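K.L.:
One structure coming up, written as structure tokens, with questions to follow.
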Amino acid sequence: MYSLPFILGRNSHGRTSVIVNTRCNGAAGLLADASANKYFNKTYQWVFWGVGVEVKYLLPLELDYIGPNAQITYVNKTSNDYCLWDIHSKGRHLQSPLQLQLIATVTNYEGSSYLNIARDIFKLQSTEYRGQFNGITLRGASVIDQEDITTNEQIEAILSRSTKDSGVAAFIKYHYELVGLLRDRFNFSVNFRNSRGWAGRLGNTTFRLGLLGVVKRDEADIAASGAFNRLNRFAEFDTIHQSWKFEAAFIYRFTPDLDTHGKSGNFLAPFSKAVWFLILVSLIVFSVIWKCYALTIQSSWAESFLQSFAALCQQGLDPIPKDHSSRFVVITIFLFSLVIYNYYTSSVVGGLLSSSDKGPATVDEITSSPLTISFEDIGYYKVLFRESKSPAVARLIKTKLSSSRPLGKIPVFAHIEEAVPYIKSGGFAFHCEVVAAYPLIAELFDASEICDLREVSGLMEVELLNWILPKNSQYTELFKVAMCSARERGFVERLLRQRQIRKPTCQSLYTVYPVTLSGALAAFFVLICGIIMSILMLIIEIIYVYVVFKRGQQFSIVR
């Protein structure tokens, strides 16, 4: 099969040279196929034997894939010499003219050929030489989820602001800054077009919507946006850079009622049920042993139990046992209670002072918590809810988002400026790109409130975003090399420090949270049970005394 897609396929290893005799009848169709399939790139070195054919007829404007990455050598003939020309353009699809630079001439003299090199071909085809675009205007694309944003002036005004704008993701403005680096490096301008979202498809078709659709259809040369990593996108787009770490999470302020494990100051929390049961059994065993050792002392079982309980609570004994066996039992009880008490108090104090592991820590715990949740009003959340098949997302929608909200409540989709005061008040979680919320949080929150902040990721993946171009773009190689150079020289790191604001630091050494009613309920339960038991015992004693007294009276009357 003598066709370009077959000959110049993936089996062609390394750099391939293609020599075209342009005087052949099929040359025009072959060059049109080469342009349509984007073969005028760094992989293929083309040589056009153009003797008798002018360049403007050989490469008309219809062949729009001739750009700064083209490696084309054109050969024509004058009266005495053959001339070899390097041909490229800054963007033929943008009506940019062809640029010819003389490489060498071949002169015939007395039957011999002499090669006269004018310029180094590798230098002519290098990024350094072709890095001057002479003010050409490239087609740009970006995403601003706002109404009536149609002109390039509106887009540039929004993206150039250093502050957060509604409907504009933080990584959009960062990639706009990267576009600025390339504009300064290559001397070009950009005419942006706006999309309301990143992805999506038209019905059940394969027609892409949003920014990805614009780039895939080669309707934009550069995008002021990143794109998520997806396996099917590697065959559709070129990646020229990765540096922005996309991290979105639920942000909320912890309050004691949000303890998902039910252990916020819980009276019984330091020990499990098995430990409490063994302590009770040990108390009973100690009481029985003590009673058996103290047979000579006139005491009831209740007194023995209360003595053991007092020793376990480290309240002392009265009277102090005289025999050695009883004293050994008492010492054993005191030592046992000392160890148990130290474990108990250290667990309680450590639990009250530590705050890093408190509150909902997963998406499912957020779903089952009493928190009201909202999301930043931006396009990728709407795509997530519409297309995600995750069970966690389905449960979240059903539990938190399906019911309507009353007037005066924050809506499901809100802006960060509206949401941060709700986060400060507590009982509310907001999902957004975390670096976009940090500046406002640092401005509105005090030191203790910053320490109460919690973040729960998992709804969206944490990943490095791809800066994409159309597949086999004529600018891919140049822009990729330029971004590598910008990273090495520290320009990328400087922009990241400016745009990726760090989380405000907790200045407080520790935060003590109050014991909740559910946590102290067990202590009140013990108190109430003790009071009830004491009342019952009092009633039993009164009845017992009354019965004994009646019997005594009856016995006296009988006598």
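The values are calculated or read from the model by the stated rules, or taken from the named source; none is laboratory data. Computed from a prediction, not measured in an experiment: that's the story for all the values here. Because the Cβ atoms are built from the backbone with ideal geometry, glycine has one as well, and the counts that use them run over all protein chains shown. Surface areas here come from the heavy atoms of the whole protein model, side chains and all, with no ligands, DNA or RNA. Shrake-Rupley method; radii C 1.70, N 1.55, O 1.52, S 1.80 Å.
K.L.:
Could you work out the relative contact order of the stretch 144-215? I mean the mean sequence separation of Cα pairs under 8 Å and 6+ apart, divided by the number of residues, in percent.
P.N.:
Relative contact order for the stretch 144-215 comes out at 32 percent.
K.L.:
For ILE540, what accessible surface area do you get with a 1.4 Å probe? Give it in Å², rounded to 10.
P.N.:
Its accessible surface works out to 110 Å², give or take rounding.
K.L.:
Of THR150, ASN108, PHE413, whose Cα points farthest to the positive end of the dipole of the chain (charges on the beta-carbon: +1 Lys, Arg; -1 Asp, Glu; origin at the Cα centre)?
P.N.:
PHE413
K.L.:
Hey, what number do you get for the chain at 222 nm if only DSSP H runs of n ≥ 4 count, each worth -39500 (n - 2.57), divided across all residues, to the nearest 500? Can you show the working numbers first?
P.N.:
Numbers: 19 runs with 228 residues, N = 559.
When only DSSP H runs of four or more count, the value is -12500 deg cm²/dmol.
K.L.:
Probe of 1.4 angstrom, ligands and nucleic acids ignored: what's the accessible area per residue over the chain, in square angstrom?
P.N.:
Numbers: 31000 Å² over 559 residues.
Accessible area per residue, the chain: 55 Å².
K.L.:
Now for a different question. When the scattering of the chain is computed by the Debye formula from its Cα atoms alone, each counted once and equally, what is log10 I(q)/I(0) at q = 0.12 Å⁻¹?
P.N.:
Computed log10 I(q)/I(0) values: -1.16.
K.L.:
Also, I was wondering about something else. For LYS77, go through the lysines and keep the ones whose alpha-carbon is under 16 Å away, minus same-chain ones fewer than eight residues off.
P.N.:
Here the lysines satisfying the reach criterion relative to LYS77 are LYS56.
K.L.:
Right, something else. Based on Cβ point charges of +1 for Lys and Arg and -1 for Asp and Glu, what charge dipole magnitude is obtained for the chain about its Cα centre, in debye rounded to the nearest 20? It would help to have the intermediate numbers written out before the result.
P.N.:
Working: 56 positive and 48 negative charges, 196 e Å.
Computed about the Cα centre, the dipole is about 940 debye.
K.L.:
Among LYS382/LYS409; LYS245/LYS398; LYS173/LYS400; LYS38/LYS480, which pairs are too far apart, with a Cα-Cα distance over 22 Å? Let's see the in-between values first.
P.N.:
Values: LYS382/LYS409 20 Å; LYS245/LYS398 30 Å; LYS173/LYS400 31 Å; LYS38/LYS480 18 Å.
Long pairs (Cα-Cα over 22 Å): LYS245/LYS398; LYS173/LYS400.
K.L.:
Over the chain, what relative contact order in percent results from Cα pairs under 8 Å that are six or more residues apart?
P.N.:
17
K.L.:
Ignoring ligands, DNA and RNA, what percent of the accessible area of the chain is carbon or sulfur (1.4 Å)?
P.N.:
Numbers: 18530 of 31000 Å².
Whole-percent figure for carbon plus sulfur exposure: 60.
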